Amino acid sequence: MNSPLTIFDAELRVFGAPGRYIQGRGILHRIGDFARQVGRSVVLVADVHILPLVEQTIRSSCERNGLSLTVLPFKGRLGPQTGSELSATLGEETPSIVMAAGGGRAIDAGKALADTRSLRLITIPTVASNDAPTSKNYVLYDDHEMLLEVRHLSRNPDFVVVDTALLASAPKSMFAAGLGDALSKKAEALACAAGKGVTMFRSRPTLLAGTIAAACYDTLIAHGRAAYDAAGSGETTESFEAAVEAMILMAGLGFESGGLSVPHALTRGLPLIPGVAARPHGLQVAYGLVVHHRLLREAMPAVLLELYRHAGLPLCLSDLTTAKIDRSHLINVAQASIAVPHMLNFPRTLTVDDLVDAMLAIEAETTRAPAVAN
């Protein structure tokens, strides 16, 4: 089979999406109905901390639908061998479906197994911290927890099942991370369309993806504040439901077929700053969006700034780390980020100096104590 990275190119426009996206409060008990559409045997890869919350519901639903179930707890280590290690744990078992439940890493572990065994895939996000559930991509890390590689499935998940009752009970801090990740998607899609880069399909962006990315931003501006206030309460609201759809579905479709740019490219370099690697991906992206606007030589919209402040999203480096940062740190960040293909998705060619100058300017303008020593 041809690699999913070689069948498309910049002469094409490609739009990808999961087979079905299903969202609602308390819907996990129906997971067996959905899974039966694509197979008869299931392996559940679930975060060890989440497993007690979901296993019995998933098991009962599978039993009602005549589906066999094997459970593989995921302990958080996500590296190049994760797929083969999970596959070895299965032994001679030959399930037809992987269900991946948890946060981004657990879902990516399930993707790795699905890739290794060529299985169908159902994702079950239990936090709204990122848009991994809808995409074909999965991320692997080295022994130092630095991003090592992004791999690609040959197709997007068959089902994405979003039980908002689970998400509403997740920590508010994880919701803030998802908000930071999703708010960047409009700016990144616009930059990709204006530049010469390509999307996660190695193709040029579609108009539809850009429209979805814009709808994602508009929805979060309208509902993000109220949704953030509801997060962690265990109660779903109209604004929470709208924001979850934007943060998982719209953001996922927008980034994969619309393209990424500076905010996500910077996540390759930002972890080199002491303390930043431990911060959620979405908060790093949120800071990257501040840099993105600076590089565009435009102010961040007032409504976006208000939402950042309400949700505690980072507006400068001192919001991400308490470490003292000097220019050499910023040069390291810029050098690690500039080679990332997403950097091509910008209206003009960027340099290391452009990135460093933008980050310095942001720190100089902050009302907080200076984070950068010149």
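The values are calculated or read from the model by the stated rules, or taken from the named source; none is laboratory data. None of the values given here were measured: they were computed from a predicted structure. Cβ atoms come from the backbone with ideal geometry, glycine included; neighbour counts cover every protein chain shown. With ligands, DNA and RNA removed, areas are computed over all heavy atoms of the protein, side chains included. Shrake-Rupley method; radii C 1.70, N 1.55, O 1.52, S 1.80 Å.
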Would you report the distance distribution of C-alpha pairs in region 70-224 as whole percents per 5 angstrom bin, up to the bin with the largest distance? 2, 9, 16, 19, 20, 16, 11, 5, 2, 0, 0
Distance from the Cα centre of region 316-370 to that of region 74-120, in angstrom? 35
Got a sec? Charge dipole of region 223-298, +1 on Cβ for Lys and Arg, -1 for Asp and Glu; which of GLY259, VAL291, ALA231 is way out at the positive end? VAL291
Considering only the other residues whose Cβ falls under 11 Å of the Cβ of PRO157, what net charge follows from Lys and Arg at +1 and Asp and Glu at -1? +4
Loop-resident GluC sites (Glu not before Pro) in region 174-269 with no more than 16 other Cβ atoms inside 10 Å, DSSP not H/G/I/E/B, are GLU235
Can you classify region 45-124 as rounded, prolate or oblate using the Cα gyration tensor, where a ≥ b ≥ c are the square roots of its eigenvalues, rounded means a/c under 1.5, and otherwise it's prolate if a/b beats b/c and oblate if not? oblate
Compactness of the chain as Cα Rg over 2.2 N^0.38 Å, two decimals: 0.96
Once the Cα atoms of region 221-358 are picked out, what are the Rg and Dmax in Å? 15.8, 47
Can you give me the % of accessible surface on the chain that is carbon or sulfur? Probe 1.4 Å, all protein chains present, nothing else counted. 52
Among the lysines, select those whose C-alpha is under 29 Å from the C-alpha of LYS186, and discard any that sit fewer than 8 residues away in the same chain. LYS111, LYS136, LYS172, LYS196
Roll a 1.4 Å probe over the protein heavy atoms and report the accessible area of LEU344 in Å², nearest 10. 120
Trypsin sites (Lys or Arg not before Pro) lying in DSSP loop within region 318-354, provided at most 11 other Cβ fall within 10 Å: ARG348
Using a cut-off of 11 Å between beta-carbons, work out the net charge of the residues near ASN130 (Lys and Arg +1, Asp and Glu -1, ASN130 not included). -2
With a 1.4 Å probe and every protein chain left in place, work out the accessible area per residue of the chain in Å², rounded to a whole number. 41
In degrees, nearest 10, the alpha-carbon axis of helix 104-117 is tilted away from the dominant principal axis of the alpha carbons of the chain by 50
What fraction of the DSSP beta bridges in the chain is antiparallel, stated in percent and rounded to the nearest 5? 15
How about region 43-111: which GluC sites (Glu not before Pro) there are in a DSSP loop, with at most 12 other Cβ atoms within 10 Å of their Cβ? GLU92, GLU93
Using only Cα atoms, find the angle between the long axis of helix 172-183 and the longest principal axis of the chain, and express it within 0 to 90 degrees, rounded to the nearest 10. 70
Between GLU85 and LEU5, what is the FRET efficiency for a Förster distance of 22 Å, r being their Cβ-Cβ separation, to the nearest 0.05? 0.40
In the P(r) worked out for region 1-155, what percent of Cα pairs fall beyond 18 Å? 57
Please determine, in degrees from 0 to 90 and to the nearest 10, the orientation of helix 352-365 with respect to the longest principal axis defined by the Cα atoms of the chain, where the helix direction is its Cα long axis. 80
